[in-house]
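We did not get these values from a lab; they are worked out from the coordinates using the rules stated. Everything quoted here is computed from the prediction, not taken from an experiment. Cβ placement follows ideal geometry from the backbone for every residue including glycine, while neighbour counts extend to all protein chains displayed.
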There are 2 protein chains.
Amino acid sequence: MTTTLYPAHATVVEVGMRDGLQSEPDVVPLANKLALARSLINAGIRHFEISSFVSPRAVPQLADAAELISALADERQGLELSALVPNSRGAIRAAEAGVDTMVVFVSASESHNQKNVNRSVADSLAGFREVCRIAGEHGTPVAGAIATAFGCPFQGEVPVARVVDIARGFRDLGMTVLTLGDTTGMATPLLVRERVTALREAVPEMPISLHFHNTRGIAMANVLAGLALGVDRFESAIGGLGGCPFAPGATGNAATEDMVYLLAECGVDTGIDLERLIQASRLAGRTVGHELPAQVSKAGPRLTRHAMDAVCTAAG
Amino acid sequence: MTTTLYPAHATVVEVGMRDGLQSEPDVVPLANKLALARSLINAGIRHFEISSFVSPRAVPQLADAAELISALADERQGLELSALVPNSRGAIRAAEAGVDTMVVFVSASESHNQKNVNRSVADSLAGFREVCRIAGEHGTPVAGAIATAFGCPFQGEVPVARVVDIARGFRDLGMTVLTLGDTTGMATPLLVRERVTALREAVPEMPISLHFHNTRGIAMANVLAGLALGVDRFESAIGGLGGCPFAPGATGNAATEDMVYLLAECGVDTGIDLERLIQASRLAGRTVGHELPAQVSKAGPRLTRHAMDAVCTAAG
């Protein structure tokens with residue numbers, strides 16, 4: 001079955017190593033992170049948000065960012081390793097570590113930004129100028145991420161004009177990619193359409209990446225809405241690593257295997273092998289020591305066959 | 001924000017009382033079923049697959065079908081109570097109980113039908129003639145459901161032509177609604193498009209209802225794909241009641257609250273109050289005594305506000 005409904009190819013950015021492991025109470029040892037990264041590479045993952053150059057005191061889970069990147073030196077061919085950079089100090093460390101892309105982020109919501117990084121949105125944006133200067137000296141591209149781009153757990157709605165203004169600021173600083181983060185799972189298909197359409201008009205030179213959370217169960221519907229608009233870059237976390245800080249028991253990041261499954265079934269090539277990705281997800285679960293919310297890892301790929309004597313309850 | 005992308009209204013058929021409770025190991029007492037039904041009615045649910053007139057020995061969980069319908073007599077105004085009817089004996093009992101609609105079902109997959117009801121697809125279809133005759137005598141409409149309409153856990157792919165043939169058989173017997181059941185979570189947006197398009201051409205007089213399972217995490221993407229085609233009738237189970245017989249730990253039925261949330265956010269009116277629906281879901285969880293997979297019940301509606309001193313981890 002062929003279709004022109006969706007893009008032929010899409011890039012999947014694996015953020016579990018950063019966004020997922022950062023949310024775990026225990027620090028995952030470097031050797032285990034490496035094993036997980038290699039399992040993901042083996043599945044065909046080529047784009048990683050691999051860590052964060054934040055204060056090791058503030059986020060001990062990611063204190064080994066430079067060591068992790070260094071340890072992957074032999075596998076760098078064809079990989080894009082990006083890392084979060086909160087400020088100029090982080091940018092210097094990230095440049096020294098040799099990241100391929102620096103990622104800066106700011107919340108579209110003033111209250112969320114204050115809560116998250118303890119400064120105003122304007123101060124965050126001002127600080128990015130120095131980050132971009134340092135990155136530029138090293139020839140390293142900078143990607144800009146907008147958190148709470150579809151709504152804020154404190155203030156509620158986030159106007160699209162606000163998101164567009166920040167994107168223009170990113171563009172003016174020379175950033176190359178724009179990520180819309182659905183930090184607490186407030187995105188909807190109509191908001192995806194509204195925001196992607198507005199941003200394409202305002203900053204057509206910036207490719208858009210979408211990062212959904214499954215907090216309200218509709219992350220995959222939002223991915224499909226993005227695909228229908230021709231978006232071809234999505235962020236997700238293996239197994240759905242990373243919870244939701246506001247809703248105990250609710251899921252956080254969209255799960256990479258569920259998303260790759262959806263993409264493949266929509267005829268969108270990602271270069272990723274689902275069976276191997278499921279193996280990586282199982283390793284991720286063992287790495288953090290608890291069950292992960294992804295579904296495809298539990299059920300198997302679509303054409304998984306069962307014996308006729310399998311347990312079976314009535315029709316549905 | 002207005003849109004003509006999706007239908008203005010949609011009908012939600014709650015199947016948790018049948019498809020969900022049937023999967024529970026313990027029999028839920030009639031009084032508890034009644035309380036759950038009333039909580040769902042209070043939330044605005046008007047269409048129920050309320051029970052099944054199968055053998056009480058085979059499915060003791062639903063042995064009280066007639067009593068349950070009788071106990072809801074005072075609340076019948078404006079409700080549609082449908083029930084599964086496997087054979088003419090069930091049809092007689094269903095007619096006596098006064099169901100609004102009889103539902104017959106057959107698997108599109110020969111192996112699944114054999115496993116599920118121990119007869120061939122042809123024998124199932126032949127048996128429906130008598131069911132339709134009995135229903136006709138009582139002026140009761142019959143809806144036809146096709147299980148494994150998007151794939152079979154035993155045989156794999158199910159040809160669209162097979163689904164179309166069964167639908168034509170249903171039409172020829174005078175059935176009024178056609179439900180496509182994604183029994184083990186094998187539906188995809190492209191298969192939804194293919195099958196809905198083919199069925200509209202083959203049996204344009206039959207409205208199509210879609211019943212997805214979230215076994216592989218993409219039920220809501222499939223709902224969105226259905227909406228984009230103009231489908232306006234969907235089946236789901238409160239809380240996501242009912243597991244998946246083939247994948248321990250995987251989810252089964254699409255959760256009503258997650259689906260109603262998606263529909264509402266897509267501008268599709270269902271007449272259902274999400275806050276009250278979440279209350280009904282919590283009652284469903286207490287009724288069966290375990291956690292249910294629905295997400296919106298854990299996270300709350302989209303604009304749920306949190307205090308600034310709520311626990312908050314870093315941006316995503």
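Summary of computed values
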quantity: Label geometry 7 Å along the beta-carbon vector: A:ARG133 inter-copy distances in nm; calculated: 9.0
quantity: Largest-first principal axis extents of the Cα set of region A:88-239 (Å); calculated: 40, 34, 30
quantity: Gaussian network model of chain A, springs between alpha carbon atoms under 10 Å - residue of A:ALA280, A:ALA71, A:ALA255 with greatest fluctuation; calculated: A:ALA71
quantity: The protein assembly as shown: antiparallel DSSP beta bridges as a percent of all, rounded to 5; calculated: 10
quantity: Cβ-placed point charges (K, R +1; D, E -1), dipole of the protein assembly as shown about Cα centre in debye, nearest 20; calculated: 180
quantity: Approximate spin-label separation A:THR4-B:ARG38, in nm, with each point projected 7 Å along Cα-to-Cβ; calculated: 5.8
quantity: Approximate shape of chain B as ellipsoid semi-axes (Cα gyration tensor, √5λ), whole Å, largest first; calculated: 30, 23, 19
quantity: Region A:11-299: relative contact order as a whole-number percent, Cα under 8 Å and 6+ apart; calculated: 19
quantity: Pairwise Cα inverse-distance average, inverted: Kirkwood Rh of region A:175-307 (Å); calculated: 15.4
quantity: Calculated FRET efficiency for the pair B:ALA161/B:ASP26, C-beta based, R₀ 30 Å, to 0.05; calculated: 0.15
quantity: Relative contact order for region B:27-102, counting Cα pairs under 8 Å that sit 6 or more residues apart, in percent; calculated: 33
quantity: GNM result for chain A, Cα springs below 10 Å: residue of A:THR287, A:THR140, A:THR304 fluctuating most strongly; calculated: A:THR304
quantity: Computed E for B:SER55/B:ARG286 - FRET, C-beta separation, R0 35 angstrom, nearest 0.05; calculated: 0.75
quantity: Net charge contributed by nearby residues that have their C-beta within less than 12 Å of A:ARG76 (K/R +1, D/E -1); calculated: -3
quantity: Rg followed by Dmax, in Å, when region B:1-154 is reduced to its Cα trace; calculated: 16.4, 52
quantity: Share antiparallel - DSSP beta bridges, chain B, percent rounded to 5; calculated: 10
quantity: Per-selection metrics, the protein assembly as shown (Cα): Rg and Dmax in Å; calculated: 25.3, 84
quantity: Using a 7 Å Cα-to-Cβ projection, A:PRO60 label spacings across copies, nm, ascending; calculated: 5.3
quantity: Packing-based exposure ordering (other Cβ within 10 Å, fewest first) of A:SER109, A:SER124; calculated: A:SER124, A:SER109
quantity: Whole-angstrom gap from region A:281-307 to region B:15-53, using each part's C-alpha centre; calculated: 30
quantity: Sequence-distant aspartates and glutamates (8 or more away, or on other chains) whose Cα lies within less than 18 Å of A:LYS115; calculated: A:ASP19, A:ASP123, A:GLU157, A:ASP182, B:ASP309
quantity: Choice from A:ALA198, A:ALA149, A:ALA294 showing the highest fluctuation, given a GNM over chain A with Cα pairs closer than 10 Å; calculated: A:ALA198
quantity: 19 Å cut-off, amide nitrogen to a point 7 angstrom out along B:MET308 Cα→Cβ, residues in region A:97-116; calculated: A:106-116
quantity: Potential lengthening between B:ARG133 and B:ALA71 on full extension [0.36 nm per residue; Cα-Cα distance subtracted]; calculated: 19.6 nm
quantity: Per-copy distances of the A:GLU201 label point, shortest first, in nm (7 angstrom along Cα→Cβ); calculated: 3.7
